Amino acid sequence: MRILFCCTGTKAAPWLDGLRAALPGADIAEWVPGAPQADHAVVWAPPQQFLDEQPGLQALFNIGAGVDALLKLRLPPGALVVRLDDAGMSVQMAEYVCHAVIRHFREFDGYERDMAEGRWSYRKPRLRSEWPVGVLGLGVLGTRVAQALAQFEFPVHGWSRTPREVAGVTCHAGEAALPGFLAASRVLVNLLPLTPATENLLDRDTLGRLQPGGYLVNVARGAHLVEADLLALLDSGHLAGATIDVLREEPPPADHPFWRHPQITLTPHTSARTLREESIAQIAGKIRALGRGEPIAGIVDPSRGY
Ligand code: NAP
Ligand code: GLV
């Protein structure tokens with residue numbers, strides 16, 4: 001069995017070592033133009049040339065959860081696209097989102113400013129019941145995040161394409177249910193995949209439907225958000241703030257308004273990182289399962305876009 005590694009922006013050596021240790025006997029190499037045909041590939045943002053040169057690939061293992069960039073490319077016919085299925089991401093996402101929501105709800109940013117300015121002051125405790133959180137996307141990451149928020153006793157709503165049941169979460173499904181879901185939410189957490197159906201979903205209309213004083217946490221993809229609409233809703237006071245981990249252009253240009261906006265907390269696409277060891281173990285397990293003819297989790301449906 002031959003496996004090629006083709007991950008733009010990722011140091012190949014530790015991945016190759018890990019994959020070789022996990023799959024002894026497999027011939028595993030970093031892709032170079034003209035490399036012989038492989039059975040499987042481990043990829044992240046591969047060049048189109050790689051995909052064109054490897055028409056016989058049986059599976060492409062994406063070393064991330066989101067496959068939006070990969071699905072924009074011309075893929076080898078018949079190759080399965082397999083996403084990372086948690087692999088240590090969901091706990092990171094849960095801690096990131098809970099941190100963002102609690103920081104805002106408990107006004108820790110205000111306390112940090114007060115302390116820095118030598119002011120020993122108290123704020124009136126907020127009522128959790130007045131801070132319902134809506135989670136867009138109840139997949140691998142959204143479900144874990146919704147459950148983690150419910151543990152802190154926030155009222156939690158979730159929205160998915162097809163009906164889901166998550167303990168402690170009021171679930172809504174389908175386009176027709178979106179306005180009701182938004183109206184029930186004050187904090188909105190985005191964990192949708194980027195697809196033609198979800199691109200630009202976070203705009204003046206949808207964000208404007210959140211309860212007044214709303215807060216946005218975007219941890220999915222930058223292209224979900226119409227950035228100018230967020231700025232307008234912050235200016236109007238309808239939204240109180242946002243935590244933004246993903247942008248349309250990463251890194252954003254030096255003059256991007258999010259860098260220094262007083263109501264925006266910005267992080268560099270780091271809410272849930274790919275963990276090498278967990279990812280290698282998962283990919284190797286799936287390659288072995290495919291070899292035995294067994295089903296695997298995390299196969300992407302290109303017609304759905306996720
Ligand atoms: P997932 O398991 O595929 O779950 C996607 C969820 O979104 C599912 O609940 C799905 O509904 C729902 N959905 C998809 N299209 C929809 C639509 N048109 N209307 C309503 N709901 C829709 O994905 P995941 O693993 O949770 O990851 C979500 C995204 O997080 C990734 O695609 C990636 O972009 C992003 N991400 C970001 C980072 C970061 O560091 N910032 C890290 C990892 C992932 P169904 O349940 O009905 O299928
Ligand atoms: C990161 O953004 C991922 O999709 O894994």
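Brief remarks on what is shown
- Of the residues making up the range 251-268, none is under 30 Å from R20 (Cα atoms), within 16 Å of ligand 1 (Cβ to nearest atom) and of a type outside the set (S, T, N, Q).
- Some residue of the range 220-236 being in contact with a helix residue (DSSP H, G or I) (Cβ under 6 Å, 6 or more places away or on another chain) and either within 16 Å of ligand 1 (Cβ to nearest atom) or assigned by TED's automatic domain parsing to the domain that holds K72 (or both): no
- Checking each residue in the range 36-59 for being closer than 15 Å to G285 by Cα and in contact with a helix residue (DSSP H, G or I) (Cβ under 7 Å, 6 or more places away or on another chain) picks out H40, V42, A59.
- Within the range 269-306, restricting attention to residues that are within 16 Å of ligand 1 (Cβ to nearest atom) and of a type in the set (D, E), the residue that is least open to solvent (accessible area, probe 1.4 Å) is D301.
- For the range 256-268, a residue qualifies if it is of a type in the set (S, T, Y) and open to solvent by 40 Å² or more (accessible area, probe 1.4 Å), and exactly one does: T265.
- Which listed residue, of T195, T162, is within 16 Å of ligand 2 (Cβ to nearest atom) and surrounded by fewer than 20 Cβ atoms within 10 Å (Cβ to Cβ): T195
- Filter result for I63 (within 12 Å of ligand 2 (Cβ to nearest atom) and not hydroxyl-bearing (S, T, Y)): yes
- Scanning the range 166-191 for residues that are open to solvent by 30 Å² or more (accessible area, probe 1.4 Å), under 24 Å from A272 (Cα atoms) and not in a strand (DSSP E or B) returns A167, G168, R186.
- Looking across the range 63-90, the residues that are touching a residue at least 40 places away in the same chain (Cβ under 8 Å) and either away from ligand 1 (no atom under 16 Å from the Cβ) or of a type in the set (S, T, N, Q) (or both) come down to L75, S90.
The values are calculated or read from the model by the stated rules, or taken from the named source; none is laboratory data. All values derive from a computational prediction rather than experimental measurement. Ideal geometry is used to build each Cβ from the backbone, glycine not excepted, and the neighbour counts take in all protein chains shown. Accessible surface areas use protein heavy atoms only, side chains included; no ligands, DNA or RNA. Shrake-Rupley method; radii C 1.70, N 1.55, O 1.52, S 1.80 Å.
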